[in-house]
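Below is one structure; the comments refer to it alone.
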Amino acid sequence: MKNFKDLGLNVDILRGLAELNYEEAMPIQEKAIPFILENKQDLIGLAQTGTGKTAAFSLPIIEKIIPNRDLQALILCPTRELCLQISKEISAFSKYKTGMKIATIYGGARIDTQMRELSSGVNIVVGTPGRVGDMIRRKKMNLNKIDFLVLDEADEMLDLGFKEELDNILVETPKEKQTLLFSATMSSVVRKIANKYMNKPEEISVGKTNVGADNVSHQYYLVKPRNKFEALRRIVDSEPDVYGILFCRTRNETQEIANKLKESNYSSEALHGDISQNMRTQIMERFRQRKIQLLVATDVAARGIDVNDLTHVINYNLPDASESYVHRSGRTGRANKDGLSISIITPYEERKIRTLEKRLGKKFELKKIPTGKEICNKQILNLMERVKNVEVNEKEIESFVTTAEEALGDLSKKEIISKFLAVEFNHFLNQYKEANDLEILSGGSKIPKERMSDDNLIDVKINVGKSDKFDVKTLFRLINTSKELKGAEIGKIKIEDSYTIFGLEKNRVKDVDKAFRKVSFAGKFIKTETENIKSEGGGNRRANEGRPSSRRSGDRRARNKYKGGKRKK
């Protein structure tokens, strides 16, 4: 590795880096910094999560910024957390570059305050597409003189529905600028972004793309759906020093699991889109101080979390895209430390493990759910290790030792140890005293044909599939843009050639018809069916009631099945 002094950075920046104990550049920094300093060509930088991409693009930009001039650099990223993290790092890097100003622009904060900040004159803006677009429409931000445009986690910005905002922002930028795109993975989405927004970009790749970090191990536990939370509790109890992120699929599930953990006296908090910015900041501060042991988050909410010493990443649900798993697992195993990525899956998800193994080139170890006795033994050994290694100030504690000796003088050594363990572990002993071992499912378990979803979900069938180029991301986009179903818990998804089946929480089934009414895809109106759920009026609910006729949708085969908007029995 090269020293930062060898990369062409000036003394003011090197002074700031020295205060942060930055000495040796990481591989992506070693390649990207000299390139950006010496060239005006567009650049794609690919490196695994946690390898220093922010410094790779921000240090040369800071070097080239002319203080007390117009806005010169715009850095776009998908979430406010990532915005704040990047701004914080740039401020630290540029501590000794006088006259340079940075503004952080994101939703969820007072827009009038951000307007005043922009009006006072800034050189770098770090922002989310939504709020930046708003500032442009209000004529509070002028991009016609920027020299740098950075797209950080651009694939995530598109996944979150920011395509239109990105298009509108790019129109406002000058043709002669340097566009820098940094990502952990080179997905098809990233490639499309490069083709649309960049001009013959140079590509710098460090390590293997679309694979996880070498020092992260991968394990999975196979359980029945109804045993998922109990399995999570046992896994956390068997890892006494766990400090990590627990990933859930939806914000509803995130909040529910966090609440259950807190009710069971675990140190946990939820992080999702409904959390206010003020509360989010407080939660993240407590998490960094290790006052929160387990952060329960959605993929989107976890973007921008930069904590180097996480021991675990736990997947309560596997993500649909392999790239998302790479991002998740990359949260641990940073700074040359070992990390562990754990997945709690049902038989329905087992095929995803095989897909991930091929993508990452790593074997996932199938683990047995710990028994109550194993958990108690592990907790006791962990405590004993802490007791042996604790530092004792003999002088300060001497008088208290005498008091303790007098109080416990009539007890034997074995009795003292027994009572000590009882005080520390009675809650564990009582909790697992009569607990049955969870049923062990071996690899290769069969998926029951009669249902795809677990007990809290109902299967919904829609009449679009692979032949219509319908995929999981499209399904989630349809659901999340529907006010009736937005935020609903989604279960297992099965996409066939001509139809798709997905699990939906039972209490939202009444909203299906309204959500998909008059919605079309691939030239036909979406029809839905839900089985074995009774509507309030009785009888099986058919979500296609009141749907436009099949003739309007262009689906010939449906004409004989549907008449007058109702399905024949």
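Read the figures in this text as sums done on the coordinates, not as results from a lab. Keep in mind that this is a model prediction, so the values were computed, not measured. Reconstructed Cβ throughout: ideal geometry from the backbone, glycine too, with neighbour counts over all protein chains shown.
Does region 4-205 classify as rounded, prolate or oblate by the C-alpha gyration tensor (a ≥ b ≥ c root eigenvalues; a/c under 1.5 gives rounded; else a/b over b/c gives prolate, otherwise oblate)?
Taking the square roots of the gyration eigenvalues as a ≥ b ≥ c, region 4-205 is oblate.
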**Q.** For region 236-252, Karplus couplings with θ = phi - 60° (6.51, -1.76, 1.60), whole Hz, Gly/Pro x
**A.** 5, 5, 7, 10, x, 9, 4, 8, x, 10, 9, 8, 10, 7, 10, 5, 5
Q | Anisotropy class of region 1-91 from Cα gyration tensor, a/c 1.5 cut | A | rounded
**Q.** Backbone HN-Hα couplings from phi across region 217-232 [Karplus 6.51/-1.76/1.60, Hz, Gly and Pro as x]
**A.** 8, 10, 10, 9, 10, 9, 9, 6, x, 5, 9, 4, 5, 4, 4, 4
Q: Decide, for region 169-321, between rounded, prolate and oblate: order the square roots of the alpha carbon gyration tensor eigenvalues as a ≥ b ≥ c, take rounded if a/c falls under 1.5, and otherwise choose prolate if a/b is larger than b/c, else oblate.
A: prolate
Q) Residue by residue, what Karplus-based ³J(HN,Hα) values in Hz, rounded to whole numbers, does region 315-325 have, using 6.51, -1.76 and 1.60 with θ = phi - 60° and x for Gly and Pro? A) 9, 6, 9, 6, x, 6, 9, 4, 4, 5, 5
Q. Around residue 315, which amide H atoms from residues at least 5 apart in sequence, or from another chain, sit under 5 Å from its own amide H, with H modelled in the peptide plane?
A. 247, 342, 343, 344
Q: Show the residues, 5+ positions off or on another chain, whose built amide H is closer than 5 Å to the amide H of residue 216.
A: 339
Q) Picking from 162, 144, 120, whose Cα lies most toward the positive end of the charge dipole for region 104-185 (charges on Cβ: Lys, Arg +1; Asp, Glu -1)? A) 120
(Q) With 10 angstrom as the radius, rank 411, 46, 383 by how many other C-beta atoms surround their C-beta, starting from the fewest. (A) 411, 383, 46
Q. Extension gain residue 281-residue 195, at 0.36 nm per residue separation less the Cα-Cα distance, in nm?
A. 27.3 nm
Q. Which links in 101/177; 163/514; 228/494; 139/196; 224/388; 140/473 stretch past 31 Å when you go from one Cα to the other?
A. 224/388; 140/473
Q: For residue 458, enumerate residues with amide H under 5 Å from its amide H, sequence gap 5+ or separate chain, H modeled in the peptide plane.
A: 504, 505, 506
